[in-house]
Amino acid sequence: MTALATAPRRDRRPRSGLRRGETLAGWVFTLPVLVILGVFLLVPVLMALWVSFSDWSGRGSPFAPGVGFVGLENYAAITTDGGLPTRDFGTSLRNNAWYVLLVVPLQTALSLFLAVLVNRAVLRGRGVFRTAFYFPSVTSSVAITVLWLFLFSATGAVNEILSWVGINGPNWFNDPTGIVHNFLGAFGVTSGPDALTENGFLGVTFWNWLAGPSVAMTALIFMAVFTTSGTFMLLFIAALQNLGGDVEEAAMMDGANAWKRFWKVTLPQLRPTLFTVLTLGLIGCWQVFDQIYTGTQGAPGKTTVTPAYLSYSSAFLGQDWGQGAAIAFILFAIIVFFTIFQRWVLRERPVSRRRARQYEVRPTGRSMR
Amino acid sequence: MRRWRSRTVTWQIALYALLIVLALIYISPFLIQISTSFKTDADAASNPVSLIPQTWSAAAYERLFLRSDFPLWFANSAVVTICVTLGRVFFCSLAGYALARLQFRGRGVIFAGVVAVMAVPAVVLLIPKFLVINQLGMYDSYAGMIVPLLVDAAGVFIMKNFFESIPVSVEEQARIDGAGSFRVFWSVVLPMARPALITIIILSFQGSWNELAHFIVSTQSPELTTLTKGVARLASGQLSQGTQYPLKLAAALIMTIPVAVLFFIFQRRIMNASEGAVKE
């Protein structure tokens, strides 16, 4: 046991005299953190897990004798029963899936683009540009949502600007139509094939799964990209500045143009940051709540309901605590799944033989490991 | 040579033009917000883009400060933010120091636990947090708003990383002089940790000032409404009739000011903070 306790020591000087009492101090120092994290994080999760298996109605303690164990009933209600809770849950997953599908790539690409633009050594006024791009990220989601509701209102700034170029903008936050459906509608396709409209998943037909985000959700997607691109830009700038210039110089000597250097040299070296940005983006995007609470409350036509908001509204507004907790745990599982999936997709792979041959001529830097 | 020169100049101009356009796109929403907050309702509706109000009007601000609960919301946000920030600075640095420097049994387990906790998404905790706060009898009180936010796993992580980067020899001297662990921490190590402490202050000020979900599930009475909660209600029209955009935008603007001030004071540090924090 003593060996275990002393294992992390870095130097071997005997200093047991000076180190006496450190176990006590260590525990005392970490106690507040442990207690608060335990009481407000670990215990609540366990309690909520119990609630998701119970028929607790929100009155009294969830551990009171009257509260019954209902097994997987709450989970079944939102996934397999086919009733309203299932349809709502399916709709919320569809809404959020489209949100993730559009926001994550857009914010990653845009933030990388901004980082590359402002990272040039010769650029004047770098600080000003960085500040401009980053500022939206420090403001609260509530304040930004209020601003967005104004900018994207029917007679708001966005539609006014669109009208300058002859576009009649939609009534953004009141338009429940899906943008993929609208796009197909422009070619005269207004209803899907029977195979898609008659079958479905989680109470939502495949045709509606494919509807795309509603126009209202699209406005929220723009907002997410606007507010997060600055934060992620900073991460990319930090990574770009940590890159040694030597690999790039070597590529320049070999006559690679800027475009090629970016794709073949810079981007592979940014892999860890890219992974961080994608994961953080994905985790954040599955948690959309503030914007929905402040802005649309799920309207129009439930097309901006997200699982996070649905979990809140089922429990606190609908008093269906079991289902609310069950939704929260499914959401948790989704986030964990995608994080692991992403880690797996972007894992450091041994270079394939075909790939390796390309590099054989000059086996340099770290990027090819 | 000359042709090469003129090509780079063209590129430079294009680059700056692109940057300026992008910067305008990022800034203009806030400029529109400021000007709209000084417009009349009718002016805001008919001229949503113009940056100069047709008739200047401070009606929105008058209404907010003199005839609404806005000052109360502001005070609540300030109280909570100050308490949370002080608590986080103290507790996170204390735990960070212990995890970085003190050799004690169970350290590895504690650190693993803190890291694991960082992975739990906040939104998943909405219902759970309410359950515990309710059980502890802290629902609808300042305690319920503040205590759960006092500790932040990411803050512990940042402090631990910082303490690991400063040389041990400084503390050793104090130890040889007979100072106890807390003494070493308080009077030797903490003063050296200023850069990291400022990072924690910025993060927790911004985080708790902008926090919404936690206050929704931990309070209900109007006296405990924070700015985020109040403005969110205002936005969804629960307190006002009609659109009243100048009023809503003024409220959102005032709410942004403290964070913006902090941002401009510590700009350089904020811009570089990500470097240390995100190393994989």
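The values are calculated or read from the model by the stated rules, or taken from the named source; none is laboratory data. Everything quoted here is computed from the prediction, not taken from an experiment. A quick note on method: Cβ atoms are made from the backbone with ideal geometry, for glycine too, and the neighbour counts reach across all protein chains shown.
Points worth noting:
- Output for the stretch B:202-228, where each listed residue is surrounded by fewer than 17 Cβ atoms within 10 Å (Cβ to Cβ) and in a helix (DSSP H, G or I): B:Pro222, B:Glu223
- Test: B:Met138 is within 26 Å of A:Phe63 (Cβ to Cβ) and of a type in the set (A, V, I, L, M): yes
- Residues in the stretch A:143-187 that are more than 14 Å from chain B (Cβ to nearest Cβ), assigned to a loop (DSSP other than H, G, I, E, B) and small (Gly, Ala, Ser): A:Gly166, A:Ala186.
- Answer residue from the stretch A:313-343, given it is among the aromatic types (Phe, Trp, Tyr) and surrounded by 18 or more Cβ atoms within 10 Å (Cβ to Cβ) and is nearest to A:Ile292 (Cα to Cα) among those: A:Phe316
- Among all positions in the stretch A:199-213, there is at least one residue which is surrounded by 12 or more Cβ atoms within 10 Å (Cβ to Cβ), free of Cβ contacts under 8 Å to residues at least 40 places away in the same chain and part of a helix (DSSP H, G or I).
- Scanning the stretch A:85-99 turns up at least one residue that is aliphatic (A, V, I, L, M), modelled with pLDDT of 90 or more and closer than 18 Å to B:Val124 by Cα.
- Qualifying residue in the stretch B:62-71 (condition: among the aliphatic types (A, V, I, L, M) and under 28 Å from B:Ser208 (Cα atoms)): yes
- Tally, over the stretch B:212-271, of residues that are closer than 27 Å to B:Arg194 by Cβ, more than 10 Å from chain A (Cβ to nearest Cβ) and of a type in the set (Phe, Trp, Tyr): 1
- Any hit, the stretch B:154-163, residues being facing chain A (nearest Cβ under 10 Å) and more than 15 Å from B:Thr199 (Cα to Cα): no
- Leading residue by the ranking (modelled with the lowest pLDDT) among those in the stretch A:219-246 that are part of a helix (DSSP H, G or I), out of contact with any helix residue (DSSP H, G or I) (no Cβ under 6 Å at 6 or more places or on another chain) and more than 14 Å from chain B (Cβ to nearest Cβ): A:Gly245
- Residues that are out of contact with any helix residue (DSSP H, G or I) (no Cβ under 9 Å at 6 or more places or on another chain), closer than 29 Å to A:Phe289 by Cα and touching a residue at least 12 places away in the same chain (Cβ under 8 Å) do not occur anywhere in the stretch A:167-179.
- The set of residues from the stretch A:251-291 being surrounded by 14 or more Cβ atoms within 10 Å (Cβ to Cβ), more than 11 Å from the chain's Cα centre (by Cα), within 13 Å of chain B (Cβ to nearest Cβ) and farther than 19 Å from A:Arg343 by Cβ comprises A:Phe289, A:Asp290, A:Gln291.
- Matching residues, the stretch B:37-67, being under 15 Å from B:Tyr245 (Cβ atoms) and of a type in the set (Lys, Arg): B:Lys39, B:Arg63
- Among the residues listed as A:Ala157, A:Ala121, the single one being modelled with pLDDT under 90, more than 13 Å from A:Ser229 (Cα to Cα) and among the aliphatic types (A, V, I, L, M): A:Ala121
- Per the listing B:Glu164, B:Glu171, the residue uniquely crowded, with 20+ Cβ neighbours inside 10 Å, acidic (Asp, Glu) and over 28 Å from A:Ile335 (Cβ atoms) is B:Glu171.
- Test: residue in the stretch A:149-156 that is surrounded by fewer than 20 Cβ atoms within 10 Å (Cβ to Cβ) and more than 18 Å from the chain's Cα centre (by Cα): yes
- Summed over the stretch A:107-129, the residues that are within 14 Å of chain B (Cβ to nearest Cβ) and assigned to a helix (DSSP H, G or I) give a count of 15.
- Note on the stretch B:1-101: enclosed helices (runs of 4 or more DSSP H) holding 1 or more residues that are closer than 30 Å to B:Arg183 by Cα and either of a type in the set (Lys, Arg) or within 12 Å of chain A (Cβ to nearest Cβ) (or both) are B:70-101.
- Candidate set: the stretch B:96-113, residues that are aliphatic (A, V, I, L, M) and surrounded by fewer than 24 Cβ atoms within 10 Å (Cβ to Cβ); chosen: the one nearest to A:Leu31 (Cα to Cα): B:Ile110
- Among (1) more than 8 Å from chain A (Cβ to nearest Cβ); (2) under 24 Å from B:Arg88 (Cβ atoms); (3) over 25 Å from the mean Cα position of the chain (by Cα) - the single one B:Phe182 does not satisfy: (1)
- Taking (1) within 9 Å of chain B (Cβ to nearest Cβ); (2) out of contact with any helix residue (DSSP H, G or I) (no Cβ under 7 Å at 6 or more places or on another chain) in turn, A:Leu34 satisfies each apart from (2).
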